[in-house]
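Trainee: Quick one: the structure is below, and I'll ask about it shortly.
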Amino acid sequence: MYMATASFSNRVGQAVEKSCSSISLLTFPAPKPTSSLPSLAVKCIDVQKGHHSSKWFLPWGKDQCESLKGFDEASSRLIVANDIVFAVHIPFIGHEMSPWFQFMLIILQLDIAFQFRNEIEENAMLTLDVAMAYRDGLNDPWTEMARSVEQRKLKCVLPVPKTQANEGHNYDCDLLPLLELGSVAHKYYLLNIKLPVNDQKKINLGIGEIKDLRLVTIFQNGGFTQVWFAMKTFLTPSILIIMIWYWRRITMMTRPPVLLEKVIFALGISMTFINIPVEWFSIGFNWTWMLLFGDIRQGIFYAVLLSFWIIFCGEHMMVPLVAQFTCSCCREGRESLRDNSADLPDLALITSFYDQAERNRISVYWKQVGPIAFGSCCLFIFDMCERGVQLTNPFYSIWTTDIGAELAMAFIIVAGICACLYFLFLCFMVFQVFRNISGKRSTLPAMSKARRLHYEGLIFRFRFLMIITLACAALTVIFFITTQISEGNWKWGEVTIELNSAFFTGVYGMWNLYVFALMFLYAPSHKNYGEDQSNGCTGSGSGEELQLTTTIANIDGPTEVYRLAGKESQE
């Protein structure tokens, strides 16, 4: 028994040493996760009869379109709004896009001047006839990628009083989502945007006097992508190897694996699934579904990790038992039972067996795991409603309608509140575990000094693991909330949160180290935990051991941390 726990102590030291070395590897500097590229649309003139959709208007180059300097020139030349095309080339001249950018998000910003004769009406809708094309060489023809007629609701506020003196002052308008691509497989992109006007159908009426269209292109930094891919490539075999080693130790046992061991293995599988660097293929293939696939992998990991923490704490919140009552032949047991019923040892044994049988089933946690599964399904449906549709229409956005924007906003707020409530509930469960462990400490004074010091160290390490679990949970909740706000701040709001690469790589590395440590520490050690502990008195040393942990009839017992919490019953 002492050799087994000593092995665990050595394991903790090795895990801390490996964690420190891994942290030093994960703290190298990395570029910012994303970059933005602002552009001002060039006003091209389309005077062809019928406005052929096959023609593309370039803002610069040898095929540059005939452009206008401003709308005053258009009025003087009798050019109507239907003859104006806003053209934007991505990127700037002399630069190229790259598959290392991974995704491309384009935001639209309007410069609208205040005029009494043409004010912005309430709930004004902007109709956009937008098309996108690509090419890989400067002399190659443009190939159409997507074309659609989209509507965006204008939300503008005039920051100054509406007076004659303030005519010409620009409105403050919310940013409008225009496009989102899940891959950047080509070098050059071209956007042509029309604002068609139709008096009979009331299209683009009451939208104010538009002066300019500005676009902001957001993409992932190539340098950060390389760092991210390198981390995934390095961490995948590490977690895969420890997971195989862990399950091999489990299968070598003569007993079936307990629930906690199964859940740790499931956590290892989900971590490996999110680690596998399939993004390498996106460098050579135009996989537009990579964003959706990444969200699905992230959602699966969140669901397994949150469920694991509930089960991890729940499996250590056993029915409080006094383990020394389970061995009536021991001297301490006989003294404590001197004034009690002879049936008390059997009752304690039955209670311990019932507790182990009940807590070692996933169905016991349906009240806690059920909401996690339901929330994960809701997140998946929400993601499919936007990024699923964007696979066929990259101009689609769930934020363009009032109902969609309100539902999306409510979903993000509710998800953040639920994440905070989950963390508070987890803190309560950890407090309950600490209280149970404190009850075990009351038996330590009756032990010999060497064994007492050994178990005090073991309890300290277990408490440290629980504190690390709380810290990991806190950072995970913060990461989830801030990423949701960061993804949606340009769509709905006023709060701006910039996540740097250190936060992304730090949280990701923390997850891997945490999963690695769990599988390393909770793998069975295959040591003899005691000889014939259930067959009568085994001496003072066994009696001291029974004061801290329940007895185990099978030598293939669980790990010392699991035994410390009293979760293994006597067979």
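Trainee: Can you flag which of 32/62; 69/153; 43/202; 153/187; 153/201 are past 25 Å Cα-Cα?
Mentor: Cα-Cα > 25 Å for 32/62; 69/153; 153/187; rest within.
Trainee: For region 204-259 and region 67-146, what is the separation of their Cα centres, given in Å?
Mentor: Region 204-259 and region 67-146 have Cα centres spaced 33 Å from each other.
Trainee: Quote the charge dipole size of region 35-220 about the Cα centre in Debye, to the nearest 20; the model charges only the Cβ of Lys and Arg (+1) and of Asp and Glu (-1).
Mentor: 180
Trainee: Largest first, what is the accessible-area ranking of 163, 482 with a 1.4 Å probe? Please report the intermediate quantities before stating the final value.
Mentor: Details: 163 55, 482 25 Å².
Accessible-area ranking of 163, 482, largest first: 163, 482.
Trainee: If you take the square roots of the eigenvalues of the alpha-carbon gyration tensor of region 35-220 and sort them as a ≥ b ≥ c, do you get rounded (a/c under 1.5), prolate (a/b over b/c) or oblate? Can you show the working numbers first?
Mentor: Details: a/c = 1.94, a/b = 1.48, b/c = 1.31.
Cα axes put region 35-220 in the prolate bin.
Trainee: Calculate the spin-label point distance for residue 153 paired with residue 78, positioning each point 7 Å from the Cα along the beta-carbon direction, and give it in nanometres.
Mentor: The two pseudo-label positions are separated by 4.0 nm.
Trainee: If the chain between residue 95 and residue 367 were fully stretched, how many nm would it gain, using 0.36 nm times the residue separation less the Cα-Cα distance?
Mentor: 92.4 nm
Trainee: OK, next. At 1.4 Å probe size, with the rest of the protein present, what percent of the exposed accessible area of region 56-115 is carbon and sulfur atoms?
Mentor: 53
Trainee: Separate question: May I ask which residue of 157, 168, 87 lies farthest towards the positive end of the charge dipole of region 35-220, with charges of +1 (Lys, Arg) and -1 (Asp, Glu) on Cβ and the Cα centre as origin?
Mentor: In region 35-220, that residue is 87.
Trainee: While we're looking at this one, here's another question. About the Cα centre of region 72-169, how large is the charge dipole given +1 on each Lys and Arg Cβ and -1 on each Asp and Glu Cβ? Please answer in debye to the nearest 20.
Mentor: 240
Trainee: How far, in nm, would the chain grow between residue 381 and residue 67 when pulled straight, counting 0.36 nm per residue and subtracting the alpha carbon separation?
Mentor: Taking residue 381 through residue 67 to full extension adds about 108.6 nm, to one decimal.
Trainee: How would region 239-314 be classified by its alpha-carbon gyration tensor: rounded, prolate or oblate, with rounded meaning a/c under 1.5 and the a/b versus b/c comparison settling the rest?
Mentor: oblate
Trainee: Please list, in chain and number order, the residues 5+ apart from residue 209 or on another chain whose amide H is under 5 Å from its amide H, with Hs placed from the backbone.
Mentor: Result for residue 209 returns 113, 115.
Trainee: May I ask you to evaluate 6.51 cos²θ - 1.76 cosθ + 1.60, the Karplus curve with θ = phi - 60°, for each residue of region 106-123 and list the ³J(HN,Hα) values in order in whole Hz, giving x for glycine and proline?
Mentor: 10, 10, 10, 10, 9, 9, 10, 8, 7, 9, 4, 6, 8, 7, 6, 6, 5, 6
Trainee: If the chain between residue 393 and residue 460 were fully stretched, how many nm would it gain, using 0.36 nm times the residue separation less the Cα-Cα distance?
Mentor: Numbers: separation 67, 0.36 × 67 = 24.12 nm, distance 5.58 nm.
So the chain would gain 18.5 nm between residue 393 and residue 460.
Trainee: Along Cα→Cβ, 7 Å out, is where each label goes; now give me the distance between the ones at residue 467 and residue 503 in nm to one decimal.
Mentor: Inter-label distance under the simple model: 2.6 nm.
The values are calculated or read from the model by the stated rules, or taken from the named source; none is laboratory data. Keep in mind that this is a model prediction, so the values were computed, not measured. In this analysis, Cβ positions are derived from the backbone assuming ideal geometry, glycine residues included, and neighbour counts consider all displayed protein chains. The protein model used for the area step is the full one, side chains on, heavy atoms only, and it has no ligands, DNA or RNA in it. Shrake-Rupley method; radii C 1.70, N 1.55, O 1.52, S 1.80 Å.
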